[in-house]
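The values are calculated or read from the model by the stated rules, or taken from the named source; none is laboratory data. Nothing here was measured: the structure is a model prediction, and the numbers come from that model. A quick note on method: Cβ atoms are made from the backbone with ideal geometry, for glycine too, and the neighbour counts reach across all protein chains shown. Heavy atoms of the whole protein, side chains included, go into the accessibility calculation; ligands, DNA and RNA do not. Shrake-Rupley method; radii C 1.70, N 1.55, O 1.52, S 1.80 Å.
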Amino acid sequence: MEIDLGKVPFTMDFHPSDNLVTAGLITGDLHLYRFNADSSPQRLLEIHAHSESCRAARFINDGQAIITGSSDRSILATDLETGSPIARLENAHEDAIFSLINLTESTVASGDDQGCVKVWDTRQRSCCNSFNVHEDYVSDMTFASDSMKLLSTSGDGTLSVCNLRTNKIQSQSEFSEEELLSVVIMKNGRKVICGSQNGTLLLYSWGFFKDCSDRFTALSPNSIDSLLKLDEDRVITGSENGLISLVGILPSRVIQPLAEHSEYPIECLAFSHDRNAQNDQAPVSDSDSDAMNVDTNPPKSRKGAKRKNEHANDATSSFFADL
């Protein structure tokens with residue numbers, strides 16, 4: 001399946017229990033589609049959610065709503081059935097919002113361009129925690145629910161661990177020479193994997209976050225903009241050259257390429273709710289068209305790529321999934 005969105009997408013998410021997928025666009029628009037294997041995708045909603053680009057989107061409240069974060073600094077919750085706004089926080093952050101993840105049934109976390117991470121109660125519509133943890137944009141986050149630890153990576157080259165029980169920054173890695181762009185927890189919580197700007201996977205042992213314990217360089221020099229955990233031993237990587245690969249961790253090896261989405265970066269990877277073998281990956285790419293009116297050599301910085309494309313409003317793009 002491939003969906004032509006008309007404009008550059010920065011984010012996407014699958015519904016937790018239905019054949020629905022949402023995408024946030026450079027224009028600030030939010031799209032919602034119903035899909036199945038036997039027919040073309042049907043667009044259910046098209047909403048102008050933000051005045052600037054929609055950089056992050058997640059289903060919340062068991063899929064009853066979609067929450068989005070934007071470079072206009074706002075966070076919006078939208079009702080799935082009606083497309084009507086449920087709540088909007090106009091100045092949720094002091095700077096542009098870059099990333100957004102689900103934590104629990106009633107909490108999400110957002111990260112901005114200046115390194116601030118905030119935790120939000122979606123029912124109370126209020127901020128629970130705030131951490132000024134990084135010196136540059138918060139590129140990605142993941143959550144260890146058993147220990148209530150929120151991990152984040154940043155363009156400043158660090159991995160940070162925030163303890164949501166104590167409301168403290170528990171640990172932070174030494175500065176890397178490369179921007180860290182993506183993060184997952186693997187090996188039953190024993191390893192944290194980070195994708196970097198130069199295409200190296202950095203492996204950290206849990207509890208020892210100051211420096212990485214291993215490096216895997218086979219995907220260099222293309223930046224690893226997105227990571228999606230398949231199981232405890234395998235991760236799916238999305239790179240700036242549009243290549244999606246299945247990679248084994250300890251032993252670390254490229255198992256096989258899975259797909260290629262032209263020569264533009266894979267911004268996001270996600271699983272559909274059923275996680276069938278034939279639809280394990282659904283990447284969002286900066287382009288699927290050779291006629292795209294942007295620089296054909298996008299900058300290696302994921303932040304730079306997004307900001308560059310935010311000025312290319314006449315660009316077209318798509319995302320696809322094998323279903």
### Query
Can you give the FRET efficiency for K187 and T166, using 1/(1 + (r/R0)^6), R0 = 30 Å, r = Cβ-Cβ distance, to the nearest 0.05?
0.75
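Any chance you could run the full-extension gain for T217 through R34? It's 0.36 nm times the residue separation minus the Cα-Cα distance, nm to one decimal.
On the way: separation 183, 0.36 × 183 = 65.88 nm, distance 3.82 nm.
Gain in length upon complete extension: 62.1 nm.
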### Message
7 Å from Cα along Cα→Cβ at both A144 and D231: what's the point-to-point distance in nm?
### Response
2.3 nm
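How about region 201-244: which chymotrypsin sites (Phe, Trp or Tyr not before Pro) there are in a DSSP loop, with at most 13 other Cβ atoms within 10 Å of their Cβ?
Listed in order of number, the matching sites amount to none.
Just check region 1-68 against the gyration tensor rule for me: Cα atoms, a ≥ b ≥ c as the square roots of the eigenvalues, rounded for a/c under 1.5, and otherwise prolate or oblate depending on whether a/b exceeds b/c.
Values: a/c = 2.17, a/b = 1.23, b/c = 1.76.
Here region 1-68 falls in the oblate category.
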### Task
Could you state the accessible area per residue of the chain in Å², with a 1.4 Å probe and every protein chain left in place?
40 Å²
### Task
Take the chain, connect every pair of alpha-carbon atoms lying under 10 Å apart with a spring to form a Gaussian network, then pick out the residue of A37, A49, A57 with the largest mean-square fluctuation.
A37
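Assign one of three labels to region 1-40, namely rounded, prolate or oblate, based on the Cα gyration tensor with a ≥ b ≥ c the square roots of its eigenvalues; rounded applies when a/c is under 1.5, prolate when it is not and a/b is larger than b/c, and oblate otherwise.
Working: a/c = 2.85, a/b = 1.52, b/c = 1.88.
Here region 1-40 falls in the oblate category.
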### Query
Mean shadow of the chain, computed from the convex hull of its alpha carbons, in nm²?
14.4 nm²
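Ignoring ligands, DNA and RNA, what percent of the accessible area of the chain is carbon or sulfur (1.4 Å)? Walk me through the numbers before you get to the answer.
On the way: 5460 of 13050 Å².
With neighbouring chains kept in place, the figure for the chain is 42 percent.
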### Summary
For K229, the accessible surface traced by a 1.4 Å probe with all protein chains present amounts, in square angstrom to the nearest 10, to 70 Å²
### Residue-averaged 222 nm ellipticity for the chain, from DSSP H runs of 4+ at -39500 (n - 2.57), nearest 500
-500 deg cm²/dmol
### Query
Rounded to two decimals, what is Rg over Rh for region 67-215 when you use alpha-carbon atoms and the Kirkwood radius?
0.98
### Task
Could you calculate the FRET efficiency of E52 with R275 from 1/(1 + (r/R0)^6), where r is the beta carbon distance between them and R0 is 30 Å, rounded to 0.05?
0.35
